[in-house]
Each structure stands twice: as structure tokens, then as C-alpha cells.
Amino acid sequence: MISAGAIVTVIGVPEDLKDDLPGDEMRTKELFLGCVGRKFEVISVTNDSGTHLLELEVGEVFGEPAYMHSIWIEERYVSAVNPPAHED
């Protein structure tokens, strides 16, 4: 299980993900798709009916500070990034 503070790469998004209603500013699907292939720190982890949801701050996808936009994504759509090996 991935925990808060981990670095992850978004590797996919739910197939049934949709943008919000026309006229709404939030572009949910576009935001999620813009995260694919990018690395983010896990801010928090929640358990929603047995599904672990990871909170990622992703504002830079829209050219804004990271904290301006967050997504909650299932663990199966991310891959943990291994920390770099330490050289002695």
C-alpha cells in the first residue's frame, strides 16, 4: 500500500471519467489525463468503502502552483517511484 509522502507516477485514469457539465470551470477528465506520465507526491490517503484513494496536488498540470488543484485517484492508476540509490 502506498502511503502519504510517497512519490508516484500516474500511469492511467478511470475509463468512465468525464468532464463536468458544460460551462463549469473544472475540467476533471482533462486534468486527470494531463497527470499521466507525471510524478507527484502523495499528500494523503483515504479509504472509501475499501478503495484506497491517494490525494495528489497537481496544479502544475494547468501551469499553476501544485496546491491549486488536487485529485483523488485509486492506487491502481499510479506506480510508486523507487527512491534513488545512495552512493557512498
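Observations, loosely collected:
- Selection of the range 46-61 for residues being loosely packed, with under 13 Cβ neighbours inside 10 Å and on the phi < 0 side of the Ramachandran plot yields Thr46, Asn47, Asp48, Thr51.
- Within the range 44-82, being among the aliphatic types (A, V, I, L, M) and free of Cβ contacts under 8 Å to residues at least 60 places away in the same chain holds for Val45, Leu53, Leu54, Leu56, Val58, Val61, Ala66, Met68, Ile71.
- Search result, residues across the range 51-86 that are modelled with pLDDT of 90 or more, in a strand (DSSP E or B) and of a type in the set (Ser, Thr, Tyr): Ser70, Ser79
The values are calculated or read from the model by the stated rules, or taken from the named source; none is laboratory data. Keep in mind it's a predicted model, so treat the numbers as computed, not measured. Quick reminder, even Gly has a Cβ in these numbers, built from the backbone with ideal geometry, and neighbours come from all protein chains shown.
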